[in-house]
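The structure under discussion appears below in the form of structure tokens.
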Amino acid sequence: MPLTRLTLRDYRNHAATRLEDTARFNVLIGENGAGKTNVLEAISLLSPGRGLRRAQAAEIAGRGGDGSFAVAAELEAGAVALATFTTPAAPGRRMVRINGADGPATRLGEWLSITWLTPAMDRLFAESAGARRRFLDRLVLALEPGHAKQASRYETALRERNRLLEGPGEPDPLWLDGIEAGLAEAGAELARARSGLVAGLSAALEALPEAPFARPALAYQAGGPVDADALRAALREGRRRDRAAGRTLTGPHRDDLAVTLAAKQAPAALCSTGEQKAMLIAIVLAHAALTRGKLTGGKLTGGARPQVLLLDEIAAHLDPLRRAALYERLGEAGAQVWMTGTELAPFEPLGADAAVWRVDDGGAVRV
């Protein structure tokens, strides 16, 4: 299994929790507020970024500790050790350690492919384009660990360009040329990865059965030219307009993911809550198949990194037919799956394939 042991120290309401002897399916059962989602969030921090809640590091430390927290995991029975933590002296700075050596958080993506689905994401199609970009980037990152570095490079250059445009006086055009060259190069890489993922997901969705989960149609909507030279030219030509607006108005930071319910040709934002949930599940299942490398004709074919799926309260609003279909497809995906719920009954069809923990007040006991 990808994660064979997980240890939490002063992580939200988990003062000292250890989960080991994991399985393909791992189920956390407990009342609301017991700390189930906190375990999933801790796992999500073993990948680049701010995790499934997008929390600041200083918000995560438990109240009874020294202001720091730690998450440690063993992969493949101890062959690889990952850790992320803060210190009392710097509670706002999250650090990473891989096999005992300090490193940047972007390197975590080289070891694990982690994706998640949470109840908060049910609003994804009605939220801003920024939320859908983050969702899209998370899916890309699970396939291309280098995507995090390109995104960081792009955001740094974008902030620098905006700072110059907002400053007093006319910015130095040669300085802008240099910033825009790097911005365009990183932006073209972001566009390539995002558009490639959407194409791969579309092919994977076509290969999945239409029922029982609604099939979405996906389209990548670029926020500007996707070619580096064309984007650099657009940035140069738009300086006066961007200076008046106080921000950069073209580029992949304005990308969007358009989702349509294929059977009705209806935008996802106008569909029912149940249809939106079904489309999200379909996308996650297609991504799991894609990450495993089932597709042979596309450019995106999945890597050798272990795949982990975090599904928070996934079974709560599914009928028995859809739950059975979900478990079957998750089993075919080959990923390690972590799920939460308030009752054990919805997960009983998993039988001996599942490891189950009862979570209560920040503790976890194997059932």
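Points worth noting:
- Spread over its residues, the convex hull of the C-alpha atoms of segment 7-93 is 104 Å³ per residue.
- For G224, the residues whose amide H sits under 5 Å from its own are G251, ignoring neighbours fewer than 5 places away on the same chain, with H placed 1.01 Å from N.
- Paramagnetic reach from A126 (point 7 Å along Cα→Cβ, amide N under 16 Å) across segment 260-275: 267-275
- Helix 320-333 axis, angle to the chain major axis (alpha carbon atoms, nearest 10°): 70
- Packing, as the average of other Cβ atoms within 10 Å across residues, places the peptides 252-258, 324-330 in the order 252-258, 324-330, highest first.
- Calculated [θ] (222 nm, deg cm²/dmol) that DSSP helices of n ≥ 4 give over the chain, each run adding -39,500 (n - 2.57): -12000 deg cm²/dmol
- Seen against the Cα atoms of the chain and their longest principal axis, helix 147-166 is set at about 40 degrees.
- Subtracting the Cα-Cα distance of N32 and A269 from their residue separation scaled by 0.36 nm leaves 82.5 nm.
- Measure of compaction for segment 88-165 (Cα Rg per 2.2 N^0.38 Å): 1.34
- Simple Cβ-charge dipole of the chain, Lys/Arg +1 and Asp/Glu -1, about Cα centre, in debye nearest 20: 480
- Think of segment 1-116 as a dipole: +1 on every Lys or Arg Cβ, -1 on every Asp or Glu Cβ, centred on the Cα centre; then among G49, V96, A23, G49 lies furthest on the positive end.
- Computed from point charges on the beta carbon alone (+1 for Lys and Arg, -1 for Asp and Glu), the dipole magnitude for segment 229-367 about its Cα centre is near 1040 Debye.
- Per-selection Kirkwood Rh - segment 48-145 (Cα, Å, 1 d.p.): 15.0
- Residues R239, R194, sorted so that the one with the fewest Cβ neighbours within 10 Å comes first: R239, R194
- Each of R97 and A58 was given a label point 7 Å from its Cα along the Cα-to-Cβ line. The distance between the two points is 2.4 nm.
- Here each label is just a point 7 Å from Cα along the line to Cβ, and for R247 and D360 those points are 4.8 nm apart.
- Solution diffusion estimate, µm²/s, Stokes-Einstein, the chain, Kirkwood Rh from C-alpha pairs, 4 °C, viscosity 1.567 mPa s: 60
Bear in mind these aren't lab numbers, they're just calculated from the coordinates by the rules spelled out. From a predicted model like this one, the values you see are computed outputs, not experimental measurements. Because the Cβ atoms are built from the backbone with ideal geometry, glycine has one as well, and the counts that use them run over all protein chains shown.
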